[in-house]
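Only one structure is covered here, and it is reproduced in the block below.
The values are calculated or read from the model by the stated rules, or taken from the named source; none is laboratory data. From a predicted model like this one, the values you see are computed outputs, not experimental measurements. A quick note on method: Cβ atoms are made from the backbone with ideal geometry, for glycine too, and the neighbour counts reach across all protein chains shown.
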Amino acid sequence: MTIDYAFIFEALIEISKVLPLTLFMTVTPVLLGIVIGIIVAFVRIQQTKILAPLLNFYVSFFRGTPIIMHIMLVYFGIPIVVDVIAKALKIEYQSSSIPILFFVILALTLSAGAYASEIIRSGILSVPKGQLEAAYAVGLTFSQAMRRYILPQAFSKSIPNFTNVIIGFLHATSLAFFLSVKELTGVANIVASINLKFLEAFIAVGLIYWSVSAIVEWLAHRIEKRVTAYSRGGI
Amino acid sequence: MANDLDFTLIAKVLPILLQYLPVTLEILVFATFFGMLLGIVIAIPKLLHIPVLKQIITIYISFIRGTPILVQLFLVFYGIPALLKLVNIDVTRMDAMYFVIITYTLSNAASFAEIFRAAILTVDRGQMEAAYSVGLSGIQAFLRIVLPQAIRVAFPNMTNTMISSLKDTSLAFSIGVMDMVGRGETLIASTTRALEIYLALSIVYYVIVMLLEKVLKRNERYLNRYMPKEAASS
């Protein structure tokens, strides 16, 4: 068997048509995950009773199990919950009318929330306590100090970690293939099966993932350079 | 479809799934071991700045880090037989397990190489010079002075790689390996209760990851035993 280079190019064009969907499936969970992550990180740092241990379990469970499990659990679990609620409220709603994409994005969001919360927590904890005390000393409230001093520093320190999360979740979207969502890997598999050229199709999809990851890394590097331009320390 | 969760089924399938745990651990152990070996080998040209080889390895590492492990699995699964066919070796009937171990080895090697390289670079150059000044040879200085310090730095990252590699093994079933998830899929087919099976699988993964984390944390403390208290705890 020889590799059909022309077909790689053909597949590249065919598969990259669904790139927007994959990007949407990456960006939505990561953004929502950061929101969840900030909330969870604060509750865990403040060590709120009941809520903090619960969220500790949430974070450790989602970080301790494969993402494919989250997708499957949400895909099979949420419809049961929705049906029970619909029945209790006597609403005519079929869980089967929920698009599969919704489950995937929900699962990835929950997962991203757990990863993001750890990053934000370590980011906040990496800012010296004296910064908060200094902010208090000049009369700022807790939320002002957080918004103006602590969080910006925490975020700029967490950029490399967030880059890894974004790339990690870009790669995690490939798991939606198991629920036959037509994202990059799913379409690659379809293109491969139709033409019986599996290797070529997966080389093409690999190249697409690779370029997107490289672009994300390059962007993150530029942002990091700008954000940390004033905090080089020393002379 | 019956709606309520059948907890007895979870308890019932757990022992069945656990029988396939050795397969998962086998993938993990082989992939980590060979991944470390290959990682050391490919870290050397980058550390010594060997031209051409260094660039090739940079591209290799970037590719592995830039593509999903699922795509890598398919690439190895379809690519290696195609490659070997060029030299007239037919491996189309080879056990899928080998492809899985090869994929995870290649993937781990990229991570380990970067970890080793970064760890060795964190060791102060003066240490090497001090070792030379007391008369150690280059290899002795590296093995006795630099390496132990580098391992201490590298260990937490190696731990993370191993744990994410353990979680990644859950994809091995996609090319037909009968591991825990593979067995789970057949159980779903026979019981038609997907949620319970996936819950059981999640429990197993969660417990193993927690155990592995605990064991590795203890080793980390051991490696840090000569460090001052503050530095060790940070």
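Look at the stretch A:137-149: where a residue is closer than 13 Å to A:Ile124 by Cα and a partner is part of a helix (DSSP H, G or I), sitting 6+ places away or on another chain with Cβ atoms under 6 Å, you get A:Ala145/A:Leu132; A:Ala145/A:Ala135; A:Tyr149/A:Gln131; A:Tyr149/A:Ala135.
Among residues of the stretch A:156-170 being touching a residue at least 40 places away in the same chain (Cβ under 8 Å) and of a type outside the set (A, V, I, L, M), the one that is farthest from the other protein chains (Cβ to nearest Cβ) is A:Ser156.
All conditions in (1) at the interface with chain B (Cβ under 9 Å from one of its Cβ atoms); (2) within 18 Å of A:Pro29 (Cβ to Cβ); (3) surrounded by fewer than 21 Cβ atoms within 10 Å (Cβ to Cβ) hold for A:Ser211, with the sole exception of (2). Out of all the residues in the stretch A:2-18, which are in a helix (DSSP H, G or I), modelled with pLDDT under 90 and among the hydroxyl-bearing types (Ser, Thr, Tyr)? Residue satisfying the conditions is A:Tyr5 alone.
Tally up the residues in the stretch A:19-68 that are touching a Lys or Arg at 6+ places or on another chain (Cβ under 9 Å) and assigned to a loop (DSSP other than H, G, I, E, B), please. Residues meeting the conditions: 2.
What do you reckon, is B:Arg218 over 26 Å from B:Ile42 (Cβ atoms) and without any contact (Cβ under 8 Å) to a residue 60 or more places away in the chain? Considered against the rule, which asks whether it is over 26 Å from B:Ile42 (Cβ atoms) and without any contact (Cβ under 8 Å) to a residue 60 or more places away in the chain, B:Arg218 comes out as yes.
Would you confirm whether any residue within the stretch A:86-99 is of a type in the set (Phe, Trp, Tyr) and within 29 Å of B:Leu212 (Cβ to Cβ)? No: the stretch A:86-99 contains no residue that is of a type in the set (Phe, Trp, Tyr) and within 29 Å of B:Leu212 (Cβ to Cβ). Just to check your reading of the model, which residue among A:Glu217, A:Glu224, A:Glu200 is in contact (Cβ under 8 Å) with a residue 12 or more places away in the chain, of a type in the set (D, E, K, R), farther than 26 Å from A:Met69 by Cα and more than 12 Å from every other protein chain (Cβ to nearest Cβ)? On inspection, the qualifying residue turns out to be A:Glu224.
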